[in-house]
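Chemist: The structure that follows is given in the form of structure tokens.
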Amino acid sequence: MGTISSALSLVDSALNADQAALDVVANNVANASNTTYTRQVPNWEENQPIYLNGVAYGAGVTMTGGVSQRDNVLDQRLQQQTQSSSSASALLTALNTIQSSFPVASGSGTSGDIGTDITSFFNSFTQLESNPSSNPLRQQVLSSAATLAGDISSVATSLNQQTASLDQSASTVASQVNSLTTSLAQVNLQIQALSPNQDAGTLEDQRQSDLTKLSQLIGFNQIRTENNGLSIATTAGQLLVSEGASVQITTGTVNGVTHFFAGGTDITSALASGGGQIGGLLTARDQNIPAALTSLDQLAYGISTQINTVNNAGTDLAGNNGNAGDIFNAPAQVAGSAEAMVVVMTNPDNIAAAGLGKGVGDDSNAVAAASLATSTIIGGETPSNFYSNLVSTVGDSVSSATNENTALNASVTQLQSQVSALSGVNLDEEASNMQQFQRSYQAASQAFTILNTIMAAAINMGVETAVS
Amino acid sequence: MRVDPFYIVNLSGALDQTQSTQQQLTNEISSGLGVNTIGQNPVAAAQNVQLLNEIQTEDSFTQTSSLSQGMLQVADSALGSVVTQLNQAISLATQGTNGTLNSSDLKSISNQIAGIRDEVISLANTSYQGQYLFSGSQTGSIPFSLNSGTSPATVTYNGDSNVSVLQTPSGQSIQLNLPGNQVFSSPSGDVLGALNNLVADFASGNGNGAPTDLANLNTALNFLDQQRVTLDNSISRLTDASSAATAESTQLLNVQTNLMQADIPAVSTQLSLTESQQTALINVIAALGSGSLFDKL
């Protein structure tokens with residue numbers, strides 16, 4: 001049989017539970033703009049009923065705390081997509097810088113465009129054919145050669161500088177990764193100690209926030225371990241965090257660029273394809289820039305050596321037969337010849353326009369030099385077509401990176417939206433919850449007042465004025 | 001289903017998107033180019049490199065060929081004058097060989113032919129912009145010099161037999177010069193030798209040997225005319241090649257313009273659409289951001 005005091009204690013539990021629920025609402029509202037916060041909902045538990053003579057009497061309610069609303073699978077999907085997306089975005093930024101070295105020529109007046117330079121250079125030999133001993137025409141050959149060499153060399157220099165700056169950024173990212181993995185290892189320990197069997201709430205928020213940050217930096221896989229622990233390995237399988245222990249990524253210089261090591265293994269190429277910012281940076285540094293540089297080197301090497309050979313196979317104005325000298329500095333090897341390309345000839349008289357042993361008015365060697373423009377001298381292509389292919393390769397990589405980036409961004413936005421829908425704080429919902437808990441609290445208070453009156457009546461045994 | 005409480009924040013991402021589209025479209029309008037970076041349209045950018053290469057090569061050839069045409073025309077008109085002079089020499093020599101003239105008349109004919117010879121030598125030494133036209137590749141040295149010490153006088157050729165060519169963008173080679181030893185002192189038609197012999201024949205006062213030398217001069221004149229045809233051919237081929245290059249360059253320029261130019265009406269329309277979209281988006285954000293259930297509590 002129920003008593004008045006049992007009813008009072010029941011009301012008491014309701015008031016406490018409502019207050020605790022209002023606390024949860026207040027906490028949600030307080031964190032409404034906190035992107036790493038996961039919305040909590042009050043968890044109500046009915047108290048064990050009391051059985052008296054086979055009749056169950058309710059014992060009220062307890063609020064056992066807020067439960068974080070998260071979906072681990074969804075969170076992981078978002079993190080994985082973030083890894084791909086930040087890799088694509090870092091790559092795109094790098095490629096955009098590369099493509100600025102290859103401007104679109106709008107007409108013959110465009111400066112800094114290697115394609116125009118190549119054409120002007122070979123055209124200057126055609127013009128020399130009309131008057132092989134003309135000094136102005138010879139000067140023009142040297143000046144267009146200098147423009148060509150200068151532009152090729154400056155593009156190569158800027159690509160090399162970009163390699164250096166990407167290198168530096170990648171190292172910075174690696175050190176950020178290290179501090180995040182250290183922090184993750186600590187959070188893992190705390191979670192394992194405090195909340196081995198259930199969602200760790202705020203601590204889990206912190207862990208997820210670290211994982212989200214880590215996703216932007218590097219590609220990784222996560223494995224749940226016992227007691228709510230977590231292990232993290234790079235996409236290639238190199239362990240970074242094993243529950244409470246973290247493995248630091250170390251750096252070392254190999255062939256002039258920074259390489260990354262984890263546990264003594266060189267993981268550089270695995271990182272490049274793994275995702276995250278570091279993936280994009282390393283892809284640009286180790287694949288796109290070297291590819292463009294190699295093509296430029298081939299172009300510079302091909303033009304320099306072929307033109308030098310032709311110039312040394314004719315007769316110049318000074319009477320040198322077959323030893324008129326080099327126009328461009330002679331590259332020893334293909335690698336590095338773009339950056340080193342420079343005009344070494346200073347005297348325009350040394351341009352060997354005439355065929356070997358022929359007089360100053362002969363132009364057969366100038367014809368030979370001019371016809372290099374239409375000969376397949378570089379990788380089976382004419383110089384101009386070779387450059388055109390280079391432009392198309394660089395352009396293609398920018399264009400596909402742009403598309404990939406847009407697509408990945410869209411999917412990240414979508415996943416983010418799904419995560420926010422589940423875990424974000426909706427103020428309207430909180431307002432209505434608060435209203436509900438407030439009403440419930442008011443109702444319990446009302447019940448208390450009435451019970452109080454009843455209790456007074458019981459104490460006074462019908463004499464209503466003694467106790468009120 | 002629950003909704004994303006942050007969707008208004010996400011709308012600002014869409015706002016960024018419209019802004020960047022606006023920027024790109026404005027760029028296209030201001031530069032007039034539909035392709036501003038190679039990543040925007042790699043295929044067009046690569047084609048553009050090749051087209052510009054061809055256009056610039058054609059343009060440059062047109063300039064070069066006008067220089068060469070000038071030179072060829074000077075050479076041709078020099079040869080034209082030589083022909084006139086030789087015809088005069090032939091008529092003088094014909095007079096000299098008809099057997100009616102006395103020795104002093106013959107000497108006067110000799111002097112006149114000597115004058116013609118000097119004129120022909122000076123025409124053979126014609127230069128254009130400081131370059132001797134008939135000395136093969138030795139354009140820096142005077143091709144012909146006369147030695148009057150002997151009888152008959154002799155002419156020395158200081159040039160060589162090299163022929164220069166100009167290559168057209170389509171790859172054909174056009175001959176740019178005639179070596180002097182081929183035009184004026186070739187074994188098949190030795191103009192200067194025949195003139196010198198005639199001078200010596202008539203200078204002796206009897207005109208012996210003049211008929212043979214006159215016949216030789218006639219042969220030489222015919223041979224020179226043939227040589228001149230080569231030059232005329234070069235001029236007309238060069239003119240053709242040059243106008244072909246100009247026409248092709250114009251055509252390629254059209255192709256290049258079509259490839260690279262921004263479609264201004266289309267871009268403007270897109271721009272105004274994007275602007276409306278942006279305004280709409282801003283209004284939506286402003287309207288949605290202002291309400292919450294908490295206002296009603």
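The values are calculated or read from the model by the stated rules, or taken from the named source; none is laboratory data. Bear in mind the structure is a predicted one, so any value in this text is a computation, not a measurement. Cβ sites come from the backbone with ideal geometry, for glycine too, and all protein chains shown count toward neighbours. Side chains are part of the model used for accessible areas, which takes the heavy atoms of the whole protein and leaves out ligands, DNA and RNA. Shrake-Rupley method; radii C 1.70, N 1.55, O 1.52, S 1.80 Å.
Chemist: The stretch B:18-48: which residues show an accessible-area loss of 50 Å² or more, assembly versus chain alone, 1.4 Å probe?
Modeler: B:Ile38, B:Gly39, B:Pro42
Chemist: Follow-up question, since we're still on this one. From the square roots a ≥ b ≥ c of the eigenvalues of the alpha-carbon gyration tensor of the stretch A:315-468, which class results: rounded (a/c under 1.5), prolate (a/b over b/c), or oblate?
Modeler: Since a/c reaches 1.5 and a/b is larger than b/c, the shape of the stretch A:315-468 is classed as prolate.
Chemist: So how far, in whole Å, is the C-alpha centre of the stretch A:324-389 from the one of the stretch A:58-94?
Modeler: A separation of 61 Å, based on Cα centres.
Chemist: Remind me, relative contact order of chain B in percent, using alpha carbon pairs under 8 angstrom and six or more residues apart? Write out the running numbers ahead of the final one.
Modeler: Values: 374 pairs, mean separation 79.4, N = 297.
The value is 27 percent.
Chemist: Shape verdict for the stretch A:1-87, please, from the Cα gyration tensor: rounded (a/c under 1.5), prolate (a/b greater than b/c) or oblate.
Modeler: Working: a/c = 10.21, a/b = 2.64, b/c = 3.87.
Note, shape of the stretch A:1-87 comes out oblate.
Chemist: Which distance in nm do the two modelled labels at B:Ser276 and A:Val73 give, with both placed 7 Å along the Cα-to-Cβ direction?
Modeler: The answer from the label model is 4.4 nm.
Chemist: Separate question: Can you order the peptides A:7-19, B:188-200 by their average number of other Cβ atoms within 10 Å per residue, highest first?
Modeler: Ranking, from highest mean packing down: B:188-200, A:7-19.
Chemist: Something else now. Could you state the number of Å between the C-alpha centres of the stretch B:112-185 and the stretch A:148-177?
Modeler: Rounded to whole Å, the Cα centres lie 60 Å apart.
Chemist: Where in the stretch B:224-297 are there trypsin sites (Lys or Arg not before Pro) that are in a DSSP coil and have at most 11 other Cβ atoms within 10 angstrom of their Cβ?
Modeler: Details: sites: B:Arg228, B:Arg237, B:Lys296; in loops: none.
Here no trypsin sites (Lys or Arg not before Pro) fit, given the DSSP loop and packing criteria.
Chemist: Mind checking which aspartates and glutamates have their Cα closer than 17 Å to the Cα of A:Lys213? Skip sequence neighbours fewer than 8 apart in that chain.
Modeler: Partners within reach: A:Asp75, A:Glu204, A:Asp205.
Chemist: Under 12 Å from a label point 7 Å along Cα→Cβ of A:Asn227: give me every residue in the stretch A:195-213 with its amide N that close.
Modeler: Residues A:195-197 fall inside that zone.
Chemist: Within a Cβ distance under 10 Å of B:Thr246, other residues only, what is the Lys/Arg minus Asp/Glu net charge?
Modeler: Within the 10 Å Cβ shell, the charges total -3.
Chemist: Report the local net charge at B:Thr269: Lys and Arg +1, Asp and Glu -1, summed over other residues whose C-beta lies under 15 Å from its C-beta.
Modeler: -3
Chemist: Using the Cα gyration tensor of the stretch A:71-424, with a ≥ b ≥ c the square roots of its eigenvalues, what is the shape: rounded (a/c below 1.5), prolate (a/b larger than b/c) or oblate (neither)?
Modeler: prolate
Chemist: Could you tally the net charge around B:Ile142, taking each other residue with its Cβ under 15 Å from the Cβ of B:Ile142, Lys/Arg +1 and Asp/Glu -1? Don't skip to the answer; put the middle values down first.
Modeler: Values: positive: none; negative: B:Asp118, B:Asp160.
Surrounding charge for B:Ile142 is -2.
Chemist: Moving on to the next point. Please give the calculated 222 nm ellipticity per residue for chain B, where each DSSP H segment of at least 4 residues contributes -39500 (n - 2.57) and the sum is spread over every residue; nearest 500 deg cm²/dmol?
Modeler: -23500 deg cm²/dmol
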